[in-house]
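This report refers to the structure that appears directly beneath it.
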Amino acid sequence: MDFFKKLSSFFTAPASGGSGTYWIAVECLRCHEVIRARINLFNDLSANFDDNEKAATYTCRKVLIGQQHCYQQIEVTLTFNARRKLIDQQIQGGKFVEEK
Ligand SMILES: [Zn+2]
């Protein structure tokens, strides 16, 4: 029966908002353009399994490029826990900005 438990956990609604969507906003360090990106918490995350073959954390990597022809690549790595709640965020080439 463990299998069904595992399966059903894939369909559990995420804790935040319940929409299955997470928005990030980053600012390009070169041209200061703010780029928003939507992350689908069900399609865009890859699971990292622990020793018990349960999904312990999820990782999402995105490369964002602005539209102002500066072509700076902003690489974002987000880590979520098993309930798809954000627990860590890394960024290169830009910085995270707070959505007002
Ligand atoms: Zn830029």
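None of the figures in this text is laboratory data; all of them are computed from the coordinates on show. Computed from a predicted model, the values in this text were never measured in an experiment. Every residue, glycine among them, receives a Cβ derived from its backbone with ideal geometry; neighbour counts consider all protein chains shown.
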Calculated FRET efficiency, residue 81 and residue 25, Cβ-Cβ r, R0 30 Å, to nearest 0.05?
0.90
Take every Cα pair under 8 Å in the range 15-100 that's 6+ residues apart, average their separations, divide by the length, and report that relative contact order as a whole percent.
28
Order of 33, 98, 75, 53 - criterion: other Cβ atoms within 10 Å of each residue's Cβ, fewest first:
98, 53, 75, 33
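Round to the nearest 0.05 the FRET efficiency obtained for residue 96 and residue 51 when R0 = 25 Å and r is the Cβ-Cβ distance. Intermediate values should be presented prior to the final figure.
Details: r = 32 Å, r/R0 = 1.27.
Once the sixth-power term is evaluated, E becomes 0.20.
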